[in-house]
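Engineer: Take this structure, written in C-alpha cells, and hold onto it; I'll ask about it next.
The values are calculated or read from the model by the stated rules, or taken from the named source; none is laboratory data. Every value quoted in this text rests on a predicted model; they were computed, and no experiment measured them. With ideal geometry, Cβ positions are generated from the backbone for all residues, glycine too; neighbour counts draw on all protein chains shown.
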C-alpha cells in the first residue's frame, strides 16, 4: 500500500480531512503561503522578463521542513490547497521547494480540488486528481508582481511628497478615491427645501395616510411646493375644497411577485453580515473560514459550509435536491417551486466551477448546532442557512392597492398599501438593504370602492430637505467595489483593513470618513496618477488577470504593458511635483500677523492653517479657527521622564492633549494625561501585572496590563476576577448589548461561555 501525503492550508482543515482518508495517509498544513517575494527592491527583475525572486517565509519555514521530512517517507503527494488562484500558487510554491530539496524524485504528484470538506467531496477529489494549473499560478504571480511594483515604486514617492510611512496600492488607491470623492460630494452638497402635503384620513374606522399628487389640475414634482408660505396656502385651499371629506375616485389593484435573493457569494455574504450582524468584512471571512475548515459537532470535525471565496451563485444538483426535499417536509409542498430556482451571476468573470456559499448539508439546522458553535459562528451559519433555504422557495405574492382621493376639482391625494397573500420565501429570510428609508407602501389599507366618501381628519404640511449621498458603510463599499470590478471577492476585506491601518480612513458610526492624510493622498493620486486610480483601468486590469488564469493571455506582456508607462509617470512626477504642491492649498485670506497669504497645510497632527511666510512668520490656527501660535510649553510639576529624567511637557496631538518628554525626538516617551485606574484584576496572560483602566486616543475606554509593552494583553470589556466555569480562564468580562443586555462573557477565543447578569447584582 502506497504512503500518501496530503497538504492543505490550515491545521483545522488537516484535522477534519485526516479522519476521512483513513490509514496510509498523512495530512499536513502549510499554514498559508510558504514563499513570498524578497522584501526589498529588485525582487521583481523588470529588465529580465519580470523574473521573481522568492524566499521561504520565516514563520512557515518549520512547516515546510516538516512537509519535506514527511515527503521523504511518502510515495505520493496530493496538493489540496484552496480551490482558487492563491491556493494554486501555494501548491506550486510547495512543489518547487520540495523538488529543489530532492524529495519528489520518482514520486507521483497530484493536485486535488474540493469546494466543501465532506467525506464524499474529499474522497472524490483524491480519486480524480488533476495537474497543477500554471495559468492560474501565473495569474497569481502577475497580481503579486503588479502589487509589488506599485507599492515599491509609488510609496517612496508618497514619502517624499506627503510624509514618511505612507503606502499606495494598485487596488487600495481606487477604493480610497471612492471614499474621498464621496466626502467631497457631501461637503459640496447644498440642501434644497421642499414640502409635501399629507392627509390623515379614515374609512370604516381604519386610519390611513395619503399624499398630495395633483394640485389645481397639475401633477406635483418634488420642488413644486418649496417654501412654508406655499405649503400653508395649499393646505388652506385644500381644507376649503374638502370640507372634512375626500372622495374615492379610483382604486387600482395589482398582484406582484417578489423573488428570493440568490445564494451567497463572498461579496453578498460580507454585505449582508455587515447589515444584519454588524460584522466587518474581515470578521465575516474569519468566521466563514472556521465554518468551512471544520467544527466538531459531536461526531468529530466536519466542514459546515462550502468554500467561502466565490463569485458564483450556482448550487450543485444534489444540494438543490436536498433543499427541495427539506423545504417540502418543513414548510409544506406548496413552498417548493415546480422547477428549481436558477440564478445568473452578475460577475462577468465568475468561476462557474465553484458553488455559492451554502451549508454542506441543509439537514444541519442552526438549532441542531446551537450547543457546538460559538456565538459568531452560529450567527453566520444561521444567516447562510436561511439564505440558502429561501433561495429555493417559491416567490412571495403581494397584493398592492393604490387609492386616489379627490379633494375638490383638480386636487388628488393618493394612498398606497399592500398585503401579503403568500409569504413564500419571506417566511424564512428577507434580504437587507443599505440606507433604506421606511417604506410606506408596506401597510394595510381599508377596502374602498370608487364613490366611497372618506373622513378627512387633518391636512398637514411636511417640510423636507434634500440629503447628500450617504457615506460608505462596509456593506455599501464592498458592493461599490464589486460593481466597479475593483479587486476580487477574496481581497475586499484586506482592502478595507489596509485603508484603516494606514489611517487613510476612520470608521465613525459604521461609516467611512477620510482622514486629512487620506484626503491629501487621494487628491495627489487622482491629480497625478489619474489613469492608475481610474475605476475602468483597474477593472480592465482585473479582467486581464482573469484572462491569464484561463490561459487566454500571457502574463509577461501584461506586466510589460503596465510597468514601463507607470515607471515613466513616477519619474516625471518625482521631478515636476513639489511637496508644497501636494500638502498645501493657498487660501484667499491674509495672515492677521504679517499680511501675507494663508494656506491650508498638512502637518503631523492633521490639517491646519498657517502663514505662507513661514518660518519668518509663525502664525497658525486650527481648521476650526482656534489660534495655535507657538507658546511656552506647560511643564508637568514634580515629575521627570521615567526614561531619560528630562522634563515632561503637556503636548497637543491629533487626538488631543497628552504628556510627552521634552527631549523628543531623542526620547519618545509618551503617556496619557489621565492616569489609569487599577481594576484590581491580575493579568491572566503574564500573571505579573494588573489590569488597568485606560483611555484610547479617541477617548474610548479599554483595559490592559500594567506590564505593557512587555505584556500586550488588552480588553474592550471590563474584567471581573472570576474564573470561567467552562475553560477555567482566570477572568471573565462584563459585556452589555442592546439585544442581550448585560452578560458575563469569557474573553478567550473559542470559548462561548456567557451568563446573564441580573439588574441590581
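Engineer: Looking at 166, 220, which one is outside the structural domain of residue 606 (by TED's automatic domain parsing) and touching a residue at least 24 places away in the same chain (Cβ under 8 Å)?
Structural biologist: Details: 220 fails: touching a residue at least 24 places away in the same chain (Cβ under 8 Å).
Matching residue, one of 166, 220: 166.
Engineer: Given (1) in contact with a strand residue (DSSP E or B) (Cβ under 7 Å, 6 or more places away or on another chain); (2) surrounded by 23 or more Cβ atoms within 10 Å (Cβ to Cβ), identify the lone condition not met by residue 315.
Structural biologist: In the conditions (1) in contact with a strand residue (DSSP E or B) (Cβ under 7 Å, 6 or more places away or on another chain); (2) surrounded by 23 or more Cβ atoms within 10 Å (Cβ to Cβ), residue 315 misses (1) alone.
Engineer: Can residue 578 be described as in contact with a helix residue (DSSP H, G or I) (Cβ under 9 Å, 6 or more places away or on another chain) and more than 23 Å from residue 175 (Cα to Cα)? Don't jump to the end; show me each part of the working.
Structural biologist: Details: in contact with a helix residue (DSSP H, G or I) (Cβ under 9 Å, 6 or more places away or on another chain): yes; more than 23 Å from residue 175 (Cα to Cα): yes.
Considered against the rule, which asks whether it is in contact with a helix residue (DSSP H, G or I) (Cβ under 9 Å, 6 or more places away or on another chain) and more than 23 Å from residue 175 (Cα to Cα), residue 578 comes out as yes.
Engineer: From the residues in region 593-612 that are on the phi < 0 side of the Ramachandran plot and not in a strand (DSSP E or B), which one is surrounded by the fewest Cβ atoms within 10 Å (Cβ to Cβ)? Outline the logic, then answer.
Structural biologist: Residues of region 593-612 on the phi < 0 side of the Ramachandran plot: 593-594, 596-605, 607-612.
Still in the running and not in a strand (DSSP E or B): 593-594, 596, 604-605, 612.
Numbers: 593: 15, 594: 13, 596: 15, 604: 8, 605: 15, 612: 17.
Per the stated criteria, the residue is 604.
Yes or no, residue by residue, for (1) assigned by TED's automatic domain parsing to the domain that holds residue 177; (2) modelled with pLDDT of 90 or more; (3) in contact with a helix residue (DSSP H, G or I) (Cβ under 6 Å, 6 or more places away or on another chain); (4) surrounded by fewer than 19 Cβ atoms within 10 Å (Cβ to Cβ):
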residue	(1), (2), (3), (4)
552	yes, yes, no, yes
562	yes, yes, no, no
586	no, no, no, yes
614	no, no, no, yes
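Engineer: What are the residues in region 410-424 that are at pLDDT 90 or above, outside any loop (DSSP other than H, G, I, E, B) and either surrounded by 18 or more Cβ atoms within 10 Å (Cβ to Cβ) or out of contact with any strand residue (DSSP E or B) (no Cβ under 9 Å at 6 or more places or on another chain) (or both), if any? Steps first, please.
Structural biologist: Of region 410-424, the ones at pLDDT 90 or above are 410-417, 422-424.
Next, from what is left, pick out any that are outside any loop (DSSP other than H, G, I, E, B): 412-417, 422, 424.
Result: 412, 413, 415, 416, 417, 424.
Engineer: Taking the stated definitions as given, is residue 275 surrounded by fewer than 22 Cβ atoms within 10 Å (Cβ to Cβ), in contact with a strand residue (DSSP E or B) (Cβ under 9 Å, 6 or more places away or on another chain) and within 30 Å of residue 336 (Cα to Cα)?
Structural biologist: No: the conditions fail for residue 275.
Engineer: Among the residues of region 180-218, what is the count of those that are in a helix (DSSP H, G or I) and surrounded by fewer than 16 Cβ atoms within 10 Å (Cβ to Cβ)? Please lay out each step first, then the result.
Structural biologist: Keep residues of region 180-218 that are in a helix (DSSP H, G or I), which gives 180-188.
Okay, now just the ones that are also surrounded by fewer than 16 Cβ atoms within 10 Å (Cβ to Cβ), so 181, 184-188.
The total comes to 6.
Engineer: Would you mind stating whether residue 667 is at pLDDT 80 or above, farther than 28 Å from residue 509 by Cα, assigned to a loop (DSSP other than H, G, I, E, B) and under 35 Å from the mean Cα position of the chain (by Cα)?
Structural biologist: Details: at pLDDT 80 or above: yes; farther than 28 Å from residue 509 by Cα: yes; assigned to a loop (DSSP other than H, G, I, E, B): yes; under 35 Å from the mean Cα position of the chain (by Cα): no.
Here the answer is no, as residue 667 does not meet what is asked.
Engineer: If I filter region 572-592 for residues that are touching a residue at least 12 places away in the same chain (Cβ under 8 Å), more than 37 Å from the chain's Cα centre (by Cα) and in a loop (DSSP other than H, G, I, E, B), do I get at least one hit?
Structural biologist: yes
Engineer: Where residues in region 28-50 are touching a strand residue (DSSP E or B) at 6+ places or on another chain (Cβ under 6 Å) and without any contact (Cβ under 8 Å) to a residue 40 or more places away in the chain, which of them is farthest from residue 558 (Cα to Cα)?
Structural biologist: Step by step, filter region 28-50, then rank; the result is 29.
Engineer: Return yes when residue 513 is farther than 30 Å from residue 207 by Cα, assigned by TED's automatic domain parsing to the domain that holds residue 163 and modelled with pLDDT of 95 or more and no when it is not.
Structural biologist: Working: farther than 30 Å from residue 207 by Cα: yes; assigned by TED's automatic domain parsing to the domain that holds residue 163: yes; modelled with pLDDT of 95 or more: yes.
When the stated conditions are applied, residue 513 passes them.
Engineer: Against the definition (part of a helix (DSSP H, G or I) and not assigned by TED's automatic domain parsing to the domain that holds residue 490), how does residue 238 come out, yes or no? It would help to see each step written out before you state the result.
Structural biologist: Numbers: part of a helix (DSSP H, G or I): yes; not assigned by TED's automatic domain parsing to the domain that holds residue 490: yes.
Against the criterion (part of a helix (DSSP H, G or I) and not assigned by TED's automatic domain parsing to the domain that holds residue 490), residue 238 qualifies.
Engineer: Also, quick follow-up: Would you point out which residue out of 163, 177 is part of a loop (DSSP other than H, G, I, E, B), out of contact with any strand residue (DSSP E or B) (no Cβ under 7 Å at 6 or more places or on another chain) and surrounded by 13 or more Cβ atoms within 10 Å (Cβ to Cβ)?
Structural biologist: On the way: 177 fails: part of a loop (DSSP other than H, G, I, E, B).
Every option except 163 fails the conditions.
Engineer: Quick one: which helices (runs of 4 or more DSSP H) sit completely within region 263-342 and have at least 3 residues that are closer than 30 Å to residue 749 by Cα and in contact (Cβ under 8 Å) with a residue 60 or more places away in the chain?
Structural biologist: Details: elements: 266-277, 281-293, 317-331.
Counting at least 3 such residues, we get 266-277, 281-293.
Engineer: With the structure loaded, tell me whether residue 729 is surrounded by 12 or more Cβ atoms within 10 Å (Cβ to Cβ) and either touching a residue at least 60 places away in the same chain (Cβ under 8 Å) or in contact with a strand residue (DSSP E or B) (Cβ under 7 Å, 6 or more places away or on another chain) (or both) or whether it fails that test.
Structural biologist: Values: surrounded by 12 or more Cβ atoms within 10 Å (Cβ to Cβ): yes; either touching a residue at least 60 places away in the same chain (Cβ under 8 Å) or in contact with a strand residue (DSSP E or B) (Cβ under 7 Å, 6 or more places away or on another chain) (or both): no.
No; evaluated as a whole, the condition is false for this residue.
Engineer: Right, here's the next one. In the list 749, 700, 738, which residue meets the criterion of being surrounded by fewer than 15 Cβ atoms within 10 Å (Cβ to Cβ), farther than 23 Å from residue 377 by Cα and out of contact with any helix residue (DSSP H, G or I) (no Cβ under 9 Å at 6 or more places or on another chain)? Walk me through how you get there before you give the answer.
Structural biologist: Details: 749 fails: farther than 23 Å from residue 377 by Cα; 738 fails: farther than 23 Å from residue 377 by Cα.
Within the list 749, 700, 738, the selection yields 700.
Engineer: Condition (residue is part of a loop (DSSP other than H, G, I, E, B), under 30 Å from residue 243 (Cα atoms), modelled with pLDDT under 95 and out of contact with any strand residue (DSSP E or B) (no Cβ under 7 Å at 6 or more places or on another chain)) applied to region 425-432: is it met by at least one residue? Even if it seems obvious, please write down each step before you answer.
Structural biologist: So in region 425-432, the residues part of a loop (DSSP other than H, G, I, E, B) come out as 428-432.
Still in the list and also under 30 Å from residue 243 (Cα atoms): none.
Scanning region 425-432 turns up no residue that is part of a loop (DSSP other than H, G, I, E, B), under 30 Å from residue 243 (Cα atoms), modelled with pLDDT under 95 and out of contact with any strand residue (DSSP E or B) (no Cβ under 7 Å at 6 or more places or on another chain).
Engineer: Give just the number: which of (1) under 21 Å from the mean Cα position of the chain (by Cα); (2) part of a helix (DSSP H, G or I) does residue 532 not satisfy?
Structural biologist: With (1) under 21 Å from the mean Cα position of the chain (by Cα); (2) part of a helix (DSSP H, G or I) applied to residue 532, the lone miss is (1).
Engineer: For the list (1) in a loop (DSSP other than H, G, I, E, B); (2) more than 30 Å from the chain's Cα centre (by Cα), I need the number of the one condition that residue 678 fails.
Structural biologist: (1)
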